[in-house]
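The values are calculated or read from the model by the stated rules, or taken from the named source; none is laboratory data. Bear in mind that the values here come from a model prediction, so they are computed numbers and not experimental data. Note that each Cβ is placed from the backbone with ideal geometry, even for glycine, and that neighbours are counted across all protein chains shown. When the accessible area is computed, the model is the full protein with side chains, heavy atoms only, and any ligands, DNA or RNA have been set aside. Shrake-Rupley method; radii C 1.70, N 1.55, O 1.52, S 1.80 Å.
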Amino acid sequence: MTTTPSPAGHQQDAPEHPQPGRERLVLLPPVALLGTGLPDTEKAMVNSLSEQRVFMMGDNPVLPPMPKAPRLLDFFRLRFTRITGQHLLQSAKTALAAGQDEKVVIACLLHDISNGGLLRADHGYWGAQLVAPYVSEEVAWAIRYHQALRYFADESVGFEYPDAYNRFFGPDYEPPDYIRQAHQEARAHKWYMTSRLITIYDIYAFKENEYVDPEEFTDVIGRNFKQPREGLGFDSSPAAHMWRTMIWPNNFL
């Protein structure tokens, strides 16, 4: 059995694991607690440890097990949140249907990858780091800078400030200086349009009743994403630890 803190700060039991063993505790990471008002339960959990009560390390039985050598689509199926997973697939499918180059399609497929199973804050930067060893430099660059470009309209290509952002952040929200600077850098860069196209195919890809099968992108991934033989997370790349974090998101250390 695993035990995790509930949103109210109380512990709740996860579904029983069919195999007997120790109770394993899941301690939420500091980034998930800061600014929320939720209590820090680390000291209480440490004090409650025993031979039969330990911290989570390795596979969490409440999560679907990952293959020994996981590939990109395994993360779409087994780790990404449903909203983000389908958003990425819808975005890529829209770009593909519009006849965009495969570099744009793969960039759309990956642009919010950090939101899916890692971190939301600065997701363009985290996502670019996550995929950089496996895609072209241009695709990684486009993913990084789409984060800034989303906040700035470009009438020449028909991109307007998303209406949803007024609802998400309020109509008076102003992006911080580092985002403004990144926008200016991107506008002057030779790959600007690759990143801008991500934002164009981003805002129309939240259709609740439209399911896209990840397998539709097997060939595009095969041509544009270098899948390591050892599996993502186990190839000693500079981003391998980020993929392992999504495989074992509840590890104590």
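Could you tell me how many of the residues in region 136-146 are open to solvent by less than 10 Å² (accessible area, probe 1.4 Å) and either without any contact (Cβ under 8 Å) to a residue 40 or more places away in the chain or within 23 Å of PRO171 (Cα to Cα) (or both)?
Filtering region 136-146 down to residues open to solvent by less than 10 Å² (accessible area, probe 1.4 Å) leaves 139, 142-143, 146.
Adding the requirement that they be either without any contact (Cβ under 8 Å) to a residue 40 or more places away in the chain or within 23 Å of PRO171 (Cα to Cα) (or both) leaves 146.
Matching residues across region 136-146 total 1.
Residues in region 217-240 that are in a loop (DSSP other than H, G, I, E, B) and hydroxyl-bearing (Ser, Thr, Tyr): 2 in all.
Check ASP154, ASP163 and return the single one that is surrounded by 13 or more Cβ atoms within 10 Å (Cβ to Cβ), under 24 Å from ALA97 (Cβ atoms) and without any contact (Cβ under 8 Å) to a residue 60 or more places away in the chain. Break it down into steps so the answer makes sense when it comes.
Numbers: ASP163 fails: surrounded by 13 or more Cβ atoms within 10 Å (Cβ to Cβ).
None of the others qualify; the one that does is ASP154.
Among the residues making up region 43-89, those that are open to solvent by less than 70 Å² (accessible area, probe 1.4 Å), under 28 Å from LYS207 (Cα atoms) and in a helix (DSSP H, G or I) are LEU72, LEU73, ASP74, PHE75, PHE76, LEU78, THR84, GLY85, GLN86, HIS87, LEU88, LEU89.
Would you check if GLU174 is open to solvent by 70 Å² or more (accessible area, probe 1.4 Å), in contact with a Phe, Trp or Tyr (Cβ under 8 Å, 6 or more places away or on another chain), closer than 15 Å to ALA148 by Cα and of a type outside the set (Phe, Trp, Tyr)? Answer is no for this residue.
Just to check your reading of the model, which residue among PRO7, PRO39 is over 17 Å from ILE247 (Cα atoms), at pLDDT below 60 and assigned to a loop (DSSP other than H, G, I, E, B)?
Numbers: PRO39 fails: at pLDDT below 60.
Residue meeting the stated conditions: PRO7.
Among residues of region 99-132 being charged (D, E, K, R) and in a helix (DSSP H, G or I), the one that is most open to solvent (accessible area, probe 1.4 Å) is LYS103.
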